[in-house]
1. Show the residues, 5+ positions off or on another chain, whose built amide H is closer than 5 Å to the amide H of Ile424.
2. Set the Förster distance to 45 Å, then compute FRET efficiency between Tyr343 and Asp142 from the Cβ-Cβ distance, nearest 0.05.
3. In straight Cα distance, which aspartates and glutamates are under 13 Å from Lys135, not counting same-chain residues fewer than 8 positions off?
4. As a footprinting exposure proxy, order Glu445, Glu260 by other Cβ within 10 Å, with the fewest listed first.
5. Among Val516, Pro452, Trp500, whose Cα lies farthest out toward the positive end of the dipole of segment 432-527, if unit charges sit on the beta carbon of Lys, Arg (+1) and Asp, Glu (-1)?
6. Aspartates and glutamates within cross-link reach of Lys433: Cα-Cα under 13 Å, excluding same-chain residues under 8 positions apart?
7. Could you give the size of the charge dipole of segment 402-538 about its Cα centre, using +1 on the Cβ of each K and R and -1 on the Cβ of each D and E, expressed in debye and rounded to the nearest 20?
8. In sequence order, what are the phi-derived ³J(HN,Hα) couplings for segment 6-11 according to the Karplus relation 6.51 cos²θ - 1.76 cosθ + 1.60 with θ = phi - 60°, rounded to whole Hz, with x for glycine and proline?
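All of the numbers you see were taken from the coordinates with simple rules; none came from a lab. All figures in this text were calculated on a predicted structure; none of them were measured in a lab. Cβ: placed from backbone, ideal geometry, glycine included. Neighbour counts: every protein chain shown.
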Amino acid sequence: MKGLMMNTPLTVRMILERARLYYGSNEIVTRVDGGYHRYRYSDFYDRVVKLAAALRKMGVGKGDRVATFAWNTFRHLELYFAVPCLGAVIHTLNIRLSPEQLAYIANHAEDKVLFYDAMFSPAIERLRPYLNTVKQYVVLDDAAATDKDLAYEQLLAAQQDDFEWPDLDENDAAGLCYTSGTTGHPKGVLYSHRSIYLHTLTCAMADCMGITEEDVCMPIVPMFHANAWGLPYTCAMIGAKQVMPGQFMQPGEILKAIVEEGVTITAGVPTIWLGVMQVLEQSQVDLSRLKKIIIGGSAVPEAMMRYFDSKYGIPVIQAWGMTETSPLGSIAKLKQHMRSWDYERQLAIRLKQGIPAPGIEVRAVDESGRQVPWDGKTLGELQVRGPWVASAYYNTTERAEAFQDGWFSTGDVVTIDSEGYITICDRTKDLIKSGGEWISSVDMENALMGHPKIKEAAVIAVAHEKWVERPLACVVLKAGETLTDEEVIEYLRGRFASWWLPDAVEFIQEIPKTSVGKFDKKVLRERFKNYRLPERKK
Ligand code: ADP
């Protein structure tokens, strides 16, 4: 027997209309040159309508891909809503990718229109000859139209307010984002209205990101990286004030906006916060309005969580996710019975990647595909499924094996404990395979970054005749500090089994970063691929 409830399509437009109807007077603020641009959700709505009308006149229809090449700004936010509500697909291009990657991605997606921030004009000029499907370019900002490109503000000014939104199926495509593609080509993840809607609801939940109408939320994670972790949609659904950093992503500028706009919740990858911590160490900043910092994308270093706890009493909340999971997969919160635990024991839980968000199911499997026990010790590859997890990559058969039996294989190696908390130990491709055993680099990196003289650290595998692979620690010291290899290894001794300890330490200037600010171990492995390890001391 079927239930007798309405089959209301879950669409991005429901989020948009809610923002207009109930939160019209709440603000959306964008950092711009010399200050802030600010307007209200009601103004935002009016402009989204005009943008949708303009897109339709340009010939953009259902299913067409509309690319963006832009920072987090109110105009980008307008595109986040107008494009899917029109039935088209917003495709966020990562501004930090190489021209070759960008051309591949835009051609593969068959983008029809491309909106770009004026400051990226030189990059767009370089790309233009290689983009085979883009028919129309639109420059954002207050720039004027050129003989080649339309200007966003002029485009909007020319539209009327009457626009009829199309009816959409909740399973229609709404967004497209390519993963960085550490192996093979970048691969497209195609979100639906339904997946975005359900992800949005879940992100807002008190035990997930816990964002409410009273919050002032500043996503530092770019809108071109995994939907800015769903924050633009989540804030709009519940009417939270949004603060967009624009191009002002330097640590000092981020802090300035947090203070000046009274930000209560912010979110970004650890690299951003490492920079912020350095600024905080040299200056007095009033962070009293900030209630929590959501960090994900890479493991949160222990020292970072301790720092914000002890200096500011601001909890860092760790989340795990992937472009393929919209991205929220799991989030680390203490359970009620853990509230009475001492700080160290609580910290150990908060440093895990958490329990799955409602709607997400997880399991960990060994190399033969058998589920490993939830004992907090046995390693396995994490598999996930749920309504906002990709069921396939867009228009390719590459990595089709990642989607089997209704599960998505994440490529993350984890343990799951008896309470359901996941710990990411490594990515399958970063694991160090020493003498048939696995050494996971993440814990060691975290331990190293807790050393008072170490700024950043990455542990990578280098080839070894006898053991196949052995760990090499690549360490960046804080300015003016010195350390020897022995001191570094000694610091790790006692914390890890002796056979896990790195065989050598390389002091380098900087850990290379990926386009989304994560440690790029592929580059390090390449750099040290012929590394000769010294004889191992016992
Ligand atoms: P990319 O492949 O470019 O890093 P994603 O942003 O989709 O693209 O990255 C997803 C991956 O990031 C996950 O598979 C996982 O390895 C890593 N990750 C995300 N959040 C965390 C976290 N909290 N701790 C450790 N690793 C994380």
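1. Gln353
2. According to the calculation, E is roughly 0.35.
3. Hits, sequence-local ones excluded: Asp64, Glu110, Asp111, Asp149.
4. Glu260, Glu445
5. Of the candidates, Val516 comes out farthest on the positive side.
6. Once the sequence-local aspartates and glutamates are set aside, what remains near Lys433 is Glu465, Glu469.
7. 400 debye
8. 5, 9, 5, x, 8, 10
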